[in-house]
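Each remark here refers to the structure printed beneath this line.
What follows draws every value from the coordinates through simple rules; no lab data is involved. Keep in mind that this is a model prediction, so the values were computed, not measured. Cβ: placed from backbone, ideal geometry, glycine included. Neighbour counts: every protein chain shown.
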Amino acid sequence: MGSIWGSRRNLIVLITLSRPRVGVRLSPRQRRLARLLVLGCDCPQIATLLAQPRDAVSRETARLMRRLGVANRAALRRAARRLALVAPGDRLSVPERRCLGWK
């Protein structure tokens with residue numbers, strides 16, 4: 001068997017980031033951001049929908065990932081689904097799709 005060598009601090013960070021936190025309380029704004037990310041929107045699209053600058057959306061996404069204890073957006077999407085932040089059949093509403101220029 002192989003072994004993994006690393007500092008204790010790095011191993012703790014790795015373990016912490018590999019599993020999402022359970023029972024995290026999110027604000028309505030954070031829930032909306034998580035919903036849009038799960039539905040496949042990227043930062044420029046979310047910025048358009050929320051009428052905010054892209055850098056503000058990027059910062060809020062990073063803050064949400066830290067709060068959920070995940071390392072990337074794919075893990076954030078999985079954690080949001082696992083924590084039931086998004087309903088299984090949820091889709092972008094017609095006004096949201098129009099705002100993005102989708103049909």
Arrange the following residues from fewest to most other Cβ atoms within 10 Å of their Cβ: Leu76, Leu50. Leu50, Leu76
From the P(r) of the range 28-100, could you give the percentage of C-alpha pairs in the tail past 16 Å? 43 percent
Considering only the other residues whose Cβ falls under 13 Å of the Cβ of Ser93, what net charge follows from Lys and Arg at +1 and Asp and Glu at -1? +3
Local electrostatic count at Leu39 - Lys and Arg +1, Asp and Glu -1, tallied over other residues with Cβ under 12 Å: +3
So how much slack lies between Ala87 and Cys99, counting 0.36 nm per residue of separation and subtracting their Cα-Cα distance, in nm? 2.2 nm
Counting only other residues whose beta carbon sits under 11 Å from that of Thr61, what net charge do I get with K and R as +1, D and E as -1? +3
Residue-wise, which Karplus ³J(HN,Hα) couplings in Hz belong to the range 68-82, taking 6.51 cos²θ - 1.76 cosθ + 1.60, θ = phi - 60°, and x for glycine or proline? 7, x, 10, 9, 8, 5, 5, 5, 5, 5, 5, 5, 5, 5, 5
